[in-house]
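Okay, structure first, notes after.
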Amino acid sequence: MAGPLSGLRIIELAGIGPGPFAAMMLADHGAEVIRIDRPGARIDARDPLLRSRRLIGLDLKSPEGKAKVRELVTSADGLIEGFRPGVTERLGLGPDVLLADNPRLVYGRMTGWGQTGPYAQAAGHDINYIALAGALHTYGRAGEKPTPPINMVGDFGGGGMMLAFGMVSALLHAQKTGQGQVIDTAMTDGAAVLMSMIWGFRANGIWSDDRGTNLLDTGAHMYDTYETGDGKWLSIGSLEPQFYAELRRLAGLAEDKDFDAQMDRAQWGPLKDRLTALFLTKSRDEWCALMEMTDVCFAPVLSMAEAPTHPHNAARGTFIEVGGVMQPAPAPRYSVTATDTPRMTTGFDTEL
């Protein structure tokens, strides 16, 4: 059975990173996505971000290329582009032109800084966008420099996922009203939204701008990663009292009065030192045998090589192999409109 977005047609003007991720999300859930790339562009058949597409080659600077895009848009529900502000306008493929061709069109724009603002025309990457959004400052350990969480927060969480959400929202609006619109997706905006809970903590006086000293940023002993005796790592998230009690019980610390001071920030450092020494006394597998699938809030820290074969991930089919490439399966899951197995995009489509 087709995915929940079956019947929608999305035109994707080729880009990198968050734009293709948004298009992948739409394609994973049933939309027909037609990616327009340069004629003869190299297609990486190993790239999950390009999966489940129809692919055509067009020169967007040529009259023929522009005309073909406009033709495709007349039968499309949405379009995604990730150029700097003003580029598609100069190509003659901006929102005014395409919405005139198709008033129901949802025109999704993906940039780092947004379509407006002093930074709008500046170059940038994920690290810069999350820095300006106030997010990067919070990532890292006490006394150390900010550490970017690769490009999960700007490119993909605040960018690609936000664009995919915006596209579906505007598509629903277009179905109800017949009115298309433009979506201005900025990774700075999206990264800021992802920090909403932390802004709430800060407003309530329970979050400090001092990095690595808070409950969820490795400041607390019961919410951190620890090395094991075999050089591997585990994660502990025993925040609630009942989960903390289970950690203490299974770690042999139930009677240790020092660990009564769970929420005493002054004790977090010394207690972390105690746990650091304790977790080094066993291998990761030994700790898994003791704590995995308990209410400790525990999980081994798995590498990308390990994650696909873990019994939980295997049971759920969290990872799949498509075209010889191991990759995450589509998510989330649906009870009625099950998504199809993705297919890797290997070459240009000659039938469009």
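On the given criteria, is Phe83 more than 23 Å from Thr337 (Cβ to Cβ) and either assigned to a helix (DSSP H, G or I) or touching a residue at least 40 places away in the same chain (Cβ under 8 Å) (or both)? When the stated conditions are applied, Phe83 passes them. If you scan the range 17-36, which residues turn out to be part of a loop (DSSP other than H, G, I, E, B) and of a type outside the set (A, V, I, L, M)? Gly17, His29, Gly30, listed by residue number. Counting the residues of the range 234-282 that are over 15 Å from Tyr223 (Cα atoms) and touching an Asp or Glu at 6+ places or on another chain (Cβ under 9 Å) gives 2. Among the conditions (1) surrounded by fewer than 22 Cβ atoms within 10 Å (Cβ to Cβ); (2) assigned to a strand (DSSP E or B); (3) not hydrophobic (A, V, I, L, M, F, W, C), Pro39 misses just one, which is (2).
Criterion first (of a type in the set (S, T, N, Q), more than 20 Å from Thr111 (Cβ to Cβ), at pLDDT 95 or above and open to solvent by less than 30 Å² (accessible area, probe 1.4 Å)) does Thr138 satisfy it?
Numbers: of a type in the set (S, T, N, Q): yes; more than 20 Å from Thr111 (Cβ to Cβ): yes; at pLDDT 95 or above: yes; open to solvent by less than 30 Å² (accessible area, probe 1.4 Å): yes.
Taking the combined requirement at face value, the residue satisfies it.
Of the residues Gln262, Gln242, the single one that is open to solvent by 40 Å² or more (accessible area, probe 1.4 Å) and farther than 30 Å from Met25 by Cα is Gln242. Tell me whether the range 10-32 contains one or more residues that are more than 29 Å from Pro330 (Cα to Cα) and in contact (Cβ under 8 Å) with a residue 40 or more places away in the chain. For the range 10-32, residues more than 29 Å from Pro330 (Cα to Cα) and in contact (Cβ under 8 Å) with a residue 40 or more places away in the chain: absent. For Thr147, indicate whether it is of a type in the set (Ser, Thr, Tyr), out of contact with any Lys or Arg (no Cβ under 7 Å at 6 or more places or on another chain) and either outside any loop (DSSP other than H, G, I, E, B) or free of Cβ contacts under 8 Å to residues at least 60 places away in the same chain (or both). So Thr147 passes the test. Taking the criterion of being open to solvent by less than 20 Å² (accessible area, probe 1.4 Å) and under 17 Å from Ala174 (Cβ atoms), the residues of the range 73-98 that qualify are Val73, Ala76, Gly78, Leu79, Ile80, Pro95, Leu98. Right, Asp295: touching a residue at least 60 places away in the same chain (Cβ under 8 Å) and either more than 20 Å from Ala22 (Cβ to Cβ) or open to solvent by 40 Å² or more (accessible area, probe 1.4 Å) (or both) or not? No: the conditions fail for Asp295. Considering only residues in the range 216-228 that are open to solvent by less than 50 Å² (accessible area, probe 1.4 Å) and either aromatic (Phe, Trp, Tyr) or in a loop (DSSP other than H, G, I, E, B) (or both), the one that is nearest to Pro148 (Cα to Cα) turns out to be Asp217. Of all residues in the range 175-209, those being under 22 Å from Asp126 (Cα atoms) and not in a helix (DSSP H, G or I) number 6.
For the range 114-131: of the residues being in contact with a helix residue (DSSP H, G or I) (Cβ under 6 Å, 6 or more places away or on another chain) and of a type outside the set (D, E, K, R), which is most open to solvent (accessible area, probe 1.4 Å)? Checked the range 114-131; the qualifying residue most open to solvent (accessible area, probe 1.4 Å) is Tyr129. Look at Asp44 and say whether it is in a loop (DSSP other than H, G, I, E, B), acidic (Asp, Glu) and open to solvent by less than 50 Å² (accessible area, probe 1.4 Å). Considered against the rule, which asks whether it is in a loop (DSSP other than H, G, I, E, B), acidic (Asp, Glu) and open to solvent by less than 50 Å² (accessible area, probe 1.4 Å), Asp44 comes out as yes.
For the range 280-290, check the following and say yes or no: at least one residue is closer than 30 Å to Gly40 by Cα, of a type in the set (D, E, K, R) and either at pLDDT 95 or above or surrounded by 12 or more Cβ atoms within 10 Å (Cβ to Cβ) (or both). No: zero hits.
Of the residues making up the range 89-109, just one is part of a strand (DSSP E or B) and β-branched (Val, Ile, Thr), namely Val106.
If we scan the range 166-189, do we find a residue that is closer than 23 Å to Arg265 by Cα, open to solvent by less than 20 Å² (accessible area, probe 1.4 Å) and in contact (Cβ under 8 Å) with a residue 60 or more places away in the chain? Outline the logic, then answer.
Quick first cut of the range 166-189, residues closer than 23 Å to Arg265 by Cα only: none.
No, the range 166-189 has no match at all.
The values are calculated or read from the model by the stated rules, or taken from the named source; none is laboratory data. What you are looking at is a predicted structure, and each value in this text was computed from that prediction instead of being measured. Positions of Cβ are generated from backbone atoms using ideal geometry, with glycine treated the same way; all protein chains shown enter the neighbour counts. The protein model used for the area step is the full one, side chains on, heavy atoms only, and it has no ligands, DNA or RNA in it. Shrake-Rupley method; radii C 1.70, N 1.55, O 1.52, S 1.80 Å.
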